[in-house]
Amino acid sequence: NAQQRARQAKKREDPDVRDKENARKRLRHRARQAKKREAPDVSTLRNEPGELRMANIAMHCKFEMATEKGSDDMRDRDENGRHYLGRMDVRWLFVLFSAHTRVFLCSRDLQRGEEARSSLVEECGDEGRVQLVQLDVTDSDSVEACADLVRKRLEGRKLTGIVSNAGILWGYPLPELIDVCATGVKRVLDSFVPLIEDDGRVVVVTSGLGPLIHSYASEERKTALLDDASTWDERIAPMIDECIGAFGSSDTLEGRISAFESIGFPGGPFAESAPDFHMYGIAKAFGDAEMIRVARRNPQLRVTSVDPGLVYSDLILRMPKYAGLRQDETSAASPKEGVEAAMRLLFDDVGDGETSGNLYAINKQGELVHSSIDKMPQKQE
């Protein structure tokens, strides 16, 4: 909008701001050059995700943060090309941006976090670029304590962005899905958005199932999800309570299908054939709904959601359909391809003005496209 453009023009008169913008241009140039050197199929930064309880990455132009919401069923599997998303975001940022990034590696399990930190240091050769801090996205006290620690370590500086990629999918009950994929996103954004500099980036990793389940909802529910002028407590929290109530109202699939239909959150074809997708889509839709509210409250930032598509990682390998398969036996994208859109949203000149508060994805032509959160952007052509 006009006010934002005027504010950005005024900022550009500040030599410190110009220096930062020039630094970002140099970073993007290095990324393009690294793409040519490293891998022909990488059009920008691409990292290798695994089980997506790795939750967040927050960056200063000299600082970056990765956080993990871990569990016993997740293992780092380098030999199979499957990694935690946050860990590989850090790895690729190190490769492409060299000394221009520093990392806060945030892990619920400090032992696992230290293993990941040591591995990154070994790969990248700089002990001082990775700092380990503890964080659990399902624990408000943990998130707030982590944000306080990061604030102290920044010593008055600001982050240039955060990525929230919290996510679990197959075999989890709806309350746990919502705690990680929706409420976990809110906890992280509430605590870390105040640490971001003006024109910084907020990227929420979502799923195409979010807008798909959103599209099946009743008109009343669609309106509530899209009401970015309302707050979480006014609109989203009551709907979450109703959904958890519907989930707990019956132990049978038929009973739950009926309960969700009665409250305006049907699952379409997934309700019966893949109820895990139905529940996951509901959780992701609530996370996207919070994203647009954060965008409205913070017009000085570029706040977006991104659908990485189907990516070969531990997230899908929990599904019976993909269990035990190699990537070439599936239709899934490579892990590096899966994070391209998020990395472009972090470093390219996109997601500002009216396009803040939108959902992004990479289409078949390799273009970064966007839509509102009730549509799949790559399907709107």
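For q values of 0.16, 0.19 Å⁻¹, compute log₁₀ I(q)/I(0) with the Debye formula on a Cα-only model of the range 219-352, without solvent.
-1.01, -1.15
Taking the highest mean first, how do the peptides 263-274, 223-234 order by number of other beta carbon atoms within 10 angstrom per residue? Please list the in-between numbers first.
Working: 263-274: 17.1, 223-234: 15.0.
By packing density, highest mean first, the sequence is 263-274, 223-234.
Order of 235-242, 153-160 by packing, highest average Cβ count within 10 Å first?
Result, highest mean Cβ count within 10 Å first: 235-242, 153-160.
Using a probe radius of 1.4 Å on heavy atoms only, what accessible surface per residue do you get for the range 185-325? Whole Å² is fine.
I get 37 Å² per residue for this part.
Carbon and sulfur: what percent of the range 130-181's accessible surface (1.4 Å probe)?
On the range 130-181, the fraction of accessible area on carbon and sulfur atoms equals 45 percent.
Of the listed peptides 252-261, 353-362, what is their order by residue-averaged count of other C-beta atoms within 10 Å, with the highest listed first?
The most tightly packed comes first, giving 353-362, 252-261.
What is the distance in Å between the Cα centroid of the range 115-149 and that of the range 171-222?
Rounded to whole Å, the Cα centres lie 22 Å apart.
Give or take rounding to whole Å, what are the principal axis extents of the alpha carbon atoms in the range 125-283, in descending order?
For the range 125-283, the Cα extents along the three principal axes come out at 55, 34, 26 Å.
With a 1.4 Å probe and all protein chains kept in place, how much accessible area does Arg326 have, in Å² rounded to the nearest 10?
Surface accessible to solvent at Arg326 totals approximately 130 Å².
Return the whole-Å distance between the Cα centroid of the range 225-276 and the Cα centroid of the range 318-338.
So the two Cα centres are separated by 29 Å.
The values are calculated or read from the model by the stated rules, or taken from the named source; none is laboratory data. Everything quoted here is computed from the prediction, not taken from an experiment. Positions of Cβ are generated from backbone atoms using ideal geometry, with glycine treated the same way; all protein chains shown enter the neighbour counts. Heads up: the accessible areas ignore ligands, DNA and RNA and are worked out on the full protein's heavy atoms, side chains in. Shrake-Rupley method; radii C 1.70, N 1.55, O 1.52, S 1.80 Å.
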